[in-house]
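As structure tokens, the structure follows; a few thoughts come after it.
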Amino acid sequence: MSALLDLRETSALRASDCAPLPRPRRIVMADPAAFDVAYAINPHMLAESGELERVDRTRAREQWSALRSEFEQAGLEVHVLEALPAQPDLVFCANQVLPIPREASVTGRALALASNMRWPQRRGEVGHVARGVRELGYDVRRIDRLAPLEGMGDGLWHPGRALLWAGVGPRSSLDAWRSVARWTSAQIAPLELVDPDFYHLDTALALLDERTCLWLPDALSPASRRRIERAIPRRIEADAREGREQLAANAFCPDGRNVWIQRGCERTNERLRAAGYLVREVDTGEFLKSGGSVFCMKLCLW
């Protein structure tokens with residue numbers, strides 16, 4: 001069982017003190033055939049008129065396929081799940097399970113903890129993704145079903161370390177992380193989200209390598225900001241407007257060098273390049289209408 005830090009405790013936590021963990025090399029994606037904005041469960045899904053955003057499905061397919069190709073060309077092993085009718089958000093497949101790599105599992109086997117989705121519209125996705133990861137060698141388990149948990153939307157594994165950053169707020173609860181702690185030997189460090197636009201931790205924090213993150217500090221509580229500042233030596237602040245409108249912090253860096261990010265985040269990209277990263281711009285514009293971008297659109301597996 002892991003140590004779960006207190007939500008507001010700000011004593012020193014250094015990622016380098018945690019046990020080593022390999023980087024994942026497998027990616028799960030979900031076919032976007034059913035993708036749409038059919039309801040509003042986050043602020044991004046409504047246009048300025050107050051109506052639901054409208055999706056161009058042909059363009060969405062093109063954007064999804066281009067992102068898949070980017071991942072494959074980078075040497076990642078991509079597995080694709082079939083679409084589900086009436087599950088338009090399945091494409092954001094980072095959310096339905098929380099993988100725990102074998103090296104950080106109390107059972108000695110790779111685990112996938114099934115999510116308890118906050119909104120009923122998305123609960124039908126969980127079993128589908130759970131079956132998919134079971135076929136890839138994961139032992140699927142459940143936590144307390146009353147505790148909201150949304151997988152890797154809120155659970156971010158620190159690159160190379162057995163440290164799990166745990167978002168607490170609109171979608172995942174502290175009680176859920178207490179349940180997760182029973183299944184992993186990793187350190188769990190809660191971070192409190194305080195802005196409704198950043199409803200998952202992966203919209204406010206991207207972990208680039210063991211020493212570096214891309215983040216939006218104002219999306220986190222003061223105590224959570226201090227926790228990040230003490231644990232991660234190099235912090236690149238995403239542009240506030242690009243973070244809110246283009247989900248700049250929903251970036252993905254699988255290798256500590258290449259950063260996939262929504263096209264047009266110019267100020268954020270300048271900061272990433274200045275820090276030595278190779279920026280890989282992709283267009284996820286149709287998916288932004290539903291409040292998701294690069295990181296949301298894949299699930300990492302070990």
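Taken together, the values in this text are just the output of simple stated rules run on the coordinates, not laboratory data. Quick caveat, the model's predicted, so the values are computed rather than measured. Using ideal geometry, Cβ is built from the backbone for each residue, glycine included, and neighbour counts are taken over all protein chains shown.
Phi angles across the range 178-183 convert, under the Karplus curve 6.51 cos²θ - 1.76 cosθ + 1.60 with θ = phi - 60°, into 3J(HN,Hα) values of 4, 5, 4, 4, 6, 10 Hz, Gly and Pro given as x. Under the classification rounded if a/c is under 1.5, otherwise prolate if a/b is larger than b/c and oblate if not, where does the range 187-302 fall, given a ≥ b ≥ c as square roots of the Cα gyration tensor eigenvalues? It is rounded, given that a/c, with a ≥ b ≥ c, falls under 1.5. The HN-Hα couplings worked out from phi for the range 218-230 by the Karplus form 6.51 cos²θ - 1.76 cosθ + 1.60 (θ = phi - 60°) are 5, 7, 10, 5, x, 5, 5, 4, 5, 4, 5, 4, 7 Hz, whole numbers, x standing for Gly and Pro.
Computed from the C-beta positions of D283 and N258 and an R0 of 22 Å, the FRET efficiency is 0.85 to the nearest 0.05. Annotation for A3 and V78: the two label points, set 7 Å from Cα along the Cα-Cβ direction, are 4.0 nm apart.
Scalar couplings 3J(HN,Hα) for the range 43-60, obtained by applying the Karplus form with A = 6.51, B = -1.76, C = 1.60 to θ = phi - 60°, are x, 6, 7, 10, 6, 4, 6, x, 8, 5, 4, 10, 9, 8, 5, 5, 5, 4 Hz; x denotes Gly and Pro.
Kirkwood hydrodynamic radius for the range 132-190: how many Å is it when counted over pairs of different Cα atoms? Intermediate results must be reported in sequence, preceding the final value.
Details: mean 1/r = 0.0827 Å⁻¹.
Roughly 12.1 Å, rounded to one decimal.
Amide H to amide H distances under 5 Å link A83 with D31, A33, where only residues 5 or more positions off or on other chains count and H is placed in the peptide plane.
Extension gain, A274 to A147, is 41.6 nm, computed as 0.36 nm per intervening residue step minus the present C-alpha separation.
Between the amide H of L220 and those of V194, distances stay under 5 Å, these residues lying 5 or more places away or on another chain, with hydrogens modeled in the peptide plane. Considering only the Cα atoms of the range 30-187, their convex hull presents on average a projected area of 9.9 nm². For W157, W119, the sequence from fewest to most other C-beta atoms within 10 Å is W119, W157. Each of V55, V28, V194 was scored by other Cβ atoms within 10 Å of its Cβ. Listed from fewest to most, they are V194, V55, V28. Summarising the amide proton neighbourhood of L191: residues at separation of 5 or more, or on other chains, whose placed amide H is nearer than 5 Å comprise A166, G167, V168. Between the range 101-117 and the range 23-66, how far is it from one alpha carbon centroid to the other, in angstrom? Distance between centres, Cα-based: 27 Å. Dividing the radius of gyration of the alpha carbons in the range 1-121 by their Kirkwood radius gives 1.04 for Rg/Rh. Counting other Cβ atoms within 10 Å as a rough exposure proxy, the listed residues M45, M29 run M45, M29 from fewest neighbours to most.
When DSSP beta bridges are restricted to pairs lying wholly in the range 18-169, around 55% turn out antiparallel.
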